[in-house]
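Student: So that we are looking at the same thing, I have put the structure below in C-alpha cells.
All of the numbers you see were taken from the coordinates with simple rules; none came from a lab. Predicted, not measured: the structure shown is a model, and the values here were computed from it. Cβ atoms come from the backbone with ideal geometry, glycine included; neighbour counts cover every protein chain shown.
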Amino acid sequence: MNQEFTKAAEQMTAFQKIWMESFTQLMQNALTGAPTSAPPEVLRQMRSDIFRSLARSWDEFLRSPQYLEGMRQWMDGTISARKMRNEWMAKVRNELQAPSRDDIDAIMLSVRHMEQRLLARMEDLSRRIEALNGHSAAKEPKQASNKTARPQQAKNRRPGTP
C-alpha cells in the first residue's frame, strides 16, 4: 500500500513538473516580443507561441512514461472488468438455461453454411434450366415451321376432305 502511494506521488510530481515547465515556457514565449512590430502582429506571434508551447507540452505529457503506464493500467483494468462481466453473464445464462453467445454463434454459422449450400445448389439448377431452355429454343424453330405448314395445308384442301 505504501509503495503504491509513493508511486502515485512520484507520478503526480512528474505530472506537475511537465505542466510547470510548459507554463514557464508559455510565459517566456508570451513575454518575448519584438518592440518594433505592430500590436496585431505581436498578438499573432503570442498566439502562435502559446499554441506551439501547448502542443509541445501535450506531446511531452502524452508520451511521458507516467501517462503511458497509467493508460496501460487503465486498459488492463478495463479488459479484466469486461472479462469478469462476460463470465458473470455466461454464468447467469447457464443458471437460467438460456442459450449462450457461443451457442448462438454456432447456430448462426450453421445457418450461413446451409444458406451457402442452398445458393450453390440453386445456381446449379438455374444453369441446368438455362441449358435445357437453350436446347429447347434450338428445337422450337423446326416445330414452329411444322405448325405453320399445317394451317397452310388446311387452306389448300378442299372442303369436306380431312
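Student: Please report, to one decimal in angstroms, the Kirkwood hydrodynamic radius of the stretch 2-99 built from all distinct Cα-Cα pairs.
Tutor: Answer for the stretch 2-99: a Kirkwood hydrodynamic radius of 17.6 Å.
Student: Over the residues of the stretch 84-137, compute the C-alpha Rg and express it relative to 2.2 N^0.38 Å.
Tutor: In units of the globular-protein estimate, the stretch 84-137 measures up at 2.14.
Student: So if we plug the beta-carbon distance of Arg93 and Arg72 into 1/(1 + (r/R0)^6) with R0 = 35 Å, what FRET efficiency do we get, rounded to 0.05?
Tutor: Once the sixth-power term is evaluated, E becomes 0.65.
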